[in-house]
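> Questions regarding the structure given below will be posed in turn.
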Amino acid sequence: MTNIIALNVPSRRQTRQERHAALMQSFANHRRFGDDVFWLKENAELLNILECSGVQSGEEALQAYRGFYAKVEDRLRFFPQYYRFLLSICLDLEDLGVSGTKGEALAKWVSDQGFAHAELSDLQRMEARRLMLRRGVDPLADDTGLEDRMRGFIARSATFSMPNKKAAYELTHAVFYLSEYGRKDPQLDNDTRTSLEFTGLLAFLEQNADLLAEVCIALRYGGFEVPEFWESWLVRHTHMFDVETGRQTTPQDDYHEFLVCNWMMNVCGHNSFTKPMTSERMAFFRPDGVAGPLRELSECMYKLPDRSGDWQAMRPVVLDHLSEDAQTVVGWAETSCDKFDDFFQGFARTGQSLAVM
């Protein structure tokens, strides 16, 4: 017999602050333990979303992190390879309401150690810079071209017309860092908007709510409109999540998708984290749905001997090769965004489209 209980208590019995406090208690004390890197990842993601959503938690709600905050310097010295997680958690805790000013000293120490210079990618360097600038420290003051290089990468929309999860998440995170999570104008051009819309189409074709939610957030932070169909689909998807508790619940769940979908809800003006929460162990599971046809569509295009990048010409041929469910999702996708024809030209990967790219 299991001890898993689905939480079906009406959410109105809890205040918004109580749900946030329960989330933090569960993530801090019951899903992962000790100095597990996955504990750092999960809690850094949760606190980052709460902080950039403008949550005011206060000392009592943050009690679960008091032990972490008290020893954050020791952890940072012994685990410098995780400095971005550790610094992010420390800064978010202070900005959410923990009494203390350790973040400034830690940012200066990390900068003096040169950790940002040891990063392998511009995206990681940008994250490091963004973290330390929150306390007035620029670890890469001599790198004046970092933001321009990042804008160049995300403006190359051809990159994002083909499935590439790594590039897709780098795109959304680049916008997060350039915009300081919605706090300033990231100065994006229309090519970057196209990159985001292409990525959103790929995410929708895969029915990947995690990535699509990040795309919608990035569009908002960039000052662009979010396609109404995507937003409506994500709102429905978020409301259908299952939250379970009990000793037998597994941390191998869909927690990240749950967090970013609720983050999207907040950014797009909806109530977020409305599910009832418990301060015990929780797990989060996405709703069952139609499988995304992205792979089926890719295989279809690969096998067609005379494919072209003209969607209107290829549409009847492609749909004839797809399953009924796949046809439905492709139909939704093509009407959800006015860039679908341009997206398909790159997605088809014909000789002509590759020459343009």
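The values are calculated or read from the model by the stated rules, or taken from the named source; none is laboratory data. Since the model is a prediction, treat every value here as computed from it, not as a measurement. All Cβ positions, glycine included, derive from the backbone under ideal geometry; neighbour counts span all protein chains shown.
> Could you pull out the residue among Val137, Val55 that is at negative phi, surrounded by 17 or more Cβ atoms within 10 Å (Cβ to Cβ), at pLDDT below 95 and β-branched (Val, Ile, Thr)?
Details: Val137 fails: at pLDDT below 95.
None of the other options fit; the residue is Val55.
> Take the conditions part of a helix (DSSP H, G or I) and more than 27 Å from the chain's Cα centre (by Cα) and apply them to Val330. Does it pass?
Numbers: part of a helix (DSSP H, G or I): yes; more than 27 Å from the chain's Cα centre (by Cα): no.
Answer is no for this residue.
> Any residue in the range 182-205 that's over 21 Å from Phe340 (Cα atoms) and at pLDDT 95 or above: show its pairings with residues that are among the hydroxyl-bearing types (Ser, Thr, Tyr) and in a helix (DSSP H, G or I) at Cβ separation under 8 Å, as long as the two are six or more apart or on different chains.
Gly182/Tyr221; Pro186/Tyr221
> Taking the criterion of being within 25 Å of Met301 (Cα to Cα) and of a type outside the set (D, E, K, R), would at least one residue in the range 142-155 satisfy it? Spell out the reasoning first.
Step one: of the range 142-155, the residues within 25 Å of Met301 (Cα to Cα) are none.
Checked the range 142-155: no residue is within 25 Å of Met301 (Cα to Cα) and of a type outside the set (D, E, K, R).
> Within the range 89-109, identify whether any single residue is crowded, with 16+ Cβ neighbours inside 10 Å, acidic (Asp, Glu) and not in a helix (DSSP H, G or I), and answer yes or no.
no
> Would you call Met265 in contact (Cβ under 8 Å) with a residue 40 or more places away in the chain and surrounded by 18 or more Cβ atoms within 10 Å (Cβ to Cβ)?
Details: in contact (Cβ under 8 Å) with a residue 40 or more places away in the chain: no; surrounded by 18 or more Cβ atoms within 10 Å (Cβ to Cβ): yes.
Judged against the criteria, Met265 is not a match.
> Right, something else. Give just the number: which of (1) farther than 25 Å from Ile217 by Cβ; (2) touching a residue at least 12 places away in the same chain (Cβ under 8 Å); (3) part of a helix (DSSP H, G or I) does Leu86 not satisfy?
So the condition that Leu86 fails would be (1).
> I'd like the residue in the range 10-52 that is modelled with pLDDT under 90 and surrounded by fewer than 12 Cβ atoms within 10 Å (Cβ to Cβ) and, out of all such residues, is nearest to Arg281 (Cα to Cα).
Residue satisfying both the conditions and the ranking: Phe33.
> Go through the range 246-269 and report how many residues are in contact with a helix residue (DSSP H, G or I) (Cβ under 6 Å, 6 or more places away or on another chain) and either among the β-branched types (Val, Ile, Thr) or not in a helix (DSSP H, G or I) (or both).
Summing the residues that are in contact with a helix residue (DSSP H, G or I) (Cβ under 6 Å, 6 or more places away or on another chain) and either among the β-branched types (Val, Ile, Thr) or not in a helix (DSSP H, G or I) (or both) in the range 246-269 gives 4.
> Given the conditions (1) hydrophobic (A, V, I, L, M, F, W, C); (2) outside any helix (DSSP H, G or I); (3) in contact with a Cys (Cβ under 7 Å, 6 or more places away or on another chain), report the number of the one that Ala291 does not fulfil.
Answer for Ala291: the failing condition is (3).
> OK, next. Kindly establish whether Leu76 is under 19 Å from Tyr181 (Cβ atoms), more than 17 Å from the chain's Cα centre (by Cα), surrounded by 15 or more Cβ atoms within 10 Å (Cβ to Cβ) and at pLDDT 95 or above.
Values: under 19 Å from Tyr181 (Cβ atoms): no; more than 17 Å from the chain's Cα centre (by Cα): yes; surrounded by 15 or more Cβ atoms within 10 Å (Cβ to Cβ): yes; at pLDDT 95 or above: yes.
Spelling it out, it is not the case that Leu76 is under 19 Å from Tyr181 (Cβ atoms), more than 17 Å from the chain's Cα centre (by Cα), surrounded by 15 or more Cβ atoms within 10 Å (Cβ to Cβ) and at pLDDT 95 or above.
> Give me the pairs: first residue in the range 111-128 and among the hydroxyl-bearing types (Ser, Thr, Tyr) and modelled with pLDDT of 95 or more, second residue buried (at least 17 other Cβ atoms within 10 Å of the Cβ) and assigned to a loop (DSSP other than H, G, I, E, B), beta-carbon distance under 7 Å, and six or more apart or on different chains, which are they?
Ser111/Val137; Ser111/Pro139
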